[in-house]
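Please read the structure below before turning to the comments.
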Amino acid sequence: MTDKPIHWTPDLTLPTSKSTMQHFTANVGGDRLEIDATPWGEADLAVNGQSIAHIETAPSAGDAFRALETIAEDFEAGKKAGGDRRLDQAIEDDDVRQRLGLTRLLGGRDQRDR
């Protein structure tokens, strides 16, 4: 069993259903982390109230949560290693997107990739 550096707590005041938004929080190293995930695979990660990552096209809420959980763990590990904090930057790397199981949107802001 692996040791997870972040222990997420679900918001139990929200209805428990596969068709509702899920909200998770965690406190790590003085930071308050939050993940909101929708059933259709859209999710947001915020650190101390500031959005740092957004997923639009994950296959499910669980996949979106796991992708943002990985980003949150990398963010916190970077802080411990003394890395700089680059907040609110989009990840445009197709290899990263593929490893996270995400697809590129065709249309809207990604039309340039057609």
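Annotations
- Answer from A53, A37, A61 - the residue that is surrounded by 15 or more Cβ atoms within 10 Å (Cβ to Cβ), out of contact with any helix residue (DSSP H, G or I) (no Cβ under 8 Å at 6 or more places or on another chain) and modelled with pLDDT under 95: A61
- Considering (1) within 14 Å of the chain's Cα centre (by Cα); (2) closer than 16 Å to D74 by Cβ; (3) exposed (fewer than 12 other Cβ atoms within 10 Å of the Cβ), the lone condition that I6 does not fulfil carries the number (3).
- Hits in the range 63-78 (condition: out of contact with any strand residue (DSSP E or B) (no Cβ under 8 Å at 6 or more places or on another chain) and of a type outside the set (D, E)): R66, T70, A77, G78
- E42 surrounded by fewer than 18 Cβ atoms within 10 Å (Cβ to Cβ) and of a type in the set (D, E, K, R): yes
The values are calculated or read from the model by the stated rules, or taken from the named source; none is laboratory data. Just so we're clear, the structure is a prediction, and the values are computed from it rather than from any experiment. Glycine also receives a Cβ, built like all others from the backbone with ideal geometry; neighbour counts cover every protein chain displayed.
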